[in-house]
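The values are calculated or read from the model by the stated rules, or taken from the named source; none is laboratory data. Since the structure is predicted, the reported quantities are computational estimates derived from the model, not experimental observations. Every residue, glycine among them, receives a Cβ derived from its backbone with ideal geometry; neighbour counts consider all protein chains shown.
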Amino acid sequence: MTLFEAEFERCSKWLQDALDYAGNTHDLADVKKSIQNKEVEFWPAPNGAIVTMFIDYPKTRVLHAWLVAGELPQIEAMIPSLVTFGRHFGCSRITGIGRAGWVRALKKHGFTGIMTTVSKEIA
């Protein structure tokens, strides 16, 4: 087992929780494949994990935290690395999706809520 595989397996419970909350548009195999194909970046940590991707809009480049899972103090400790990484790759901001509580929890780090996502099953 490679280091990546071991870390992915160790973090898989947190990642699955995030996928469940987000409506299961992907499964863990999809996430793993996207990481291996370098379509997204995997940030494993002792008590959490983040999966990011770049989104290029017409007026800005964003480092988007697609999956954020684990203990809040761990996620907060990862923010400076995300900022440095994003700046290095020409991003002007970091965005993320998740529970409404993230807005309150990350306000002290300069994050603000910019939109709300709603969902309705139609099939």
Fill in: Single residue of segment 48-65 satisfying the filter (of a type outside the set (Ser, Thr, Tyr) and closer than 21 Å to residue 107 by Cβ) that is surrounded by the most Cβ atoms within 10 Å (Cβ to Cβ)
50
Worksheet entry | Test result for residue 85, among the aromatic types (Phe, Trp, Tyr) and under 30 Å from residue 120 (Cα atoms) | no
Practice prompt. Give, as residue ranges, the strands (runs of 3 or more DSSP E) completely inside segment 40-123 that count at least 1 residues that are β-branched (Val, Ile, Thr).
Written response: 48-56, 61-70, 93-96
Worksheet entry | Selection from segment 37-64 of residues that are without any contact (Cβ under 8 Å) to a residue 24 or more places away in the chain and more than 11 Å from the chain's Cα centre (by Cα) | 37, 38, 39, 56, 57, 58, 59
Worksheet, complete the sentence: Note on residue 24: of the conditions (1) surrounded by 13 or more Cβ atoms within 10 Å (Cβ to Cβ); (2) modelled with pLDDT under 95; (3) not aromatic (Phe, Trp, Tyr), unmet is (1)
Item to complete: Answer yes or no as to whether residue 18 is part of a helix (DSSP H, G or I), surrounded by 12 or more Cβ atoms within 10 Å (Cβ to Cβ) and in contact (Cβ under 8 Å) with a residue 60 or more places away in the chain.
Response: yes
Fill in: Selection count where residues are exposed (fewer than 11 other Cβ atoms within 10 Å of the Cβ), at pLDDT 85 or above and not charged (D, E, K, R), scope segment 100-113
2
Practice prompt. Show the residue pairs that are 6+ apart or on different chains and have beta-carbon atoms under 8 Å apart, the first residue being within segment 107-123 and over 17 Å from residue 65 (Cβ atoms), the second being surrounded by 10 or more Cβ atoms within 10 Å (Cβ to Cβ) and at pLDDT 75 or above.
Written response: 119/23
Worksheet item: If the Cβ limit is 6 Å and pairs must be 6+ apart or interchain, which residue in segment 89-102 that is β-branched (Val, Ile, Thr) pairs with which residue that is at pLDDT 80 or above?
Response: 94/63; 94/82; 94/86; 95/62; 95/64
Discussion item. Given the criteria surrounded by fewer than 16 Cβ atoms within 10 Å (Cβ to Cβ), of a type in the set (Gly, Ala, Ser) and out of contact with any Asp or Glu (no Cβ under 6 Å at 6 or more places or on another chain), does residue 34 qualify?
Written reply: no
